[in-house]
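Here is the structure we will look at, set down as structure tokens.
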Amino acid sequence: TNTLLEKVAAAVEQPAFYSALWGSILTSPAVRLPGVSFVLLHLNRKLSMEDQLYIIGSDIELMVHSSIDIMQAKQLLKEKSTRSRVMSKGHAERRRNYRPSIYKAN
């Protein structure tokens, strides 16, 4: 699934691809888990969201409604691996990169 999505994403404009993906996530429960996994895999935590606006797609309301639906979906919340990735991915990155000032090289 991921390889197919990557091929489609490479063949079309990124905002159009992500808008279609958000629409699919919203309308098809079967697409939620692979869709969210794809977004999380391609969201670069080192870049600001402003540098990745294409992930929002061309319709911010669609992305917001899809995100709300994702959080409310019992099927997705029961998936331990997805829930833990959503909840801890950013936190784990910050912990890995954290160095107290006494250890920083000047």
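A compact table of results
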item: Tally of residues being of a type in the set (A, V, I, L, M, F, W, C) and either touching a strand residue (DSSP E or B) at 6+ places or on another chain (Cβ under 8 Å) or farther than 23 Å from residue 73 by Cβ (or both) across region 10-43; result: 4
item: Qualifying positions in region 30-43 - open to solvent by 80 Å² or more (accessible area, probe 1.4 Å) and under 20 Å from residue 64 (Cβ atoms); result: none
item: Count of region 44-72 residues which are open to solvent by less than 40 Å² (accessible area, probe 1.4 Å) and either touching a strand residue (DSSP E or B) at 6+ places or on another chain (Cβ under 9 Å) or not in a helix (DSSP H, G or I) (or both); result: 1
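The values are calculated or read from the model by the stated rules, or taken from the named source; none is laboratory data. The model shown is predicted, which means the values in this text are computed figures rather than measured ones. Here Cβ is always computed from backbone atoms with ideal geometry, including for glycine, and neighbour counts include all displayed protein chains. With ligands, DNA and RNA removed, areas are computed over all heavy atoms of the protein, side chains included. Shrake-Rupley method; radii C 1.70, N 1.55, O 1.52, S 1.80 Å.
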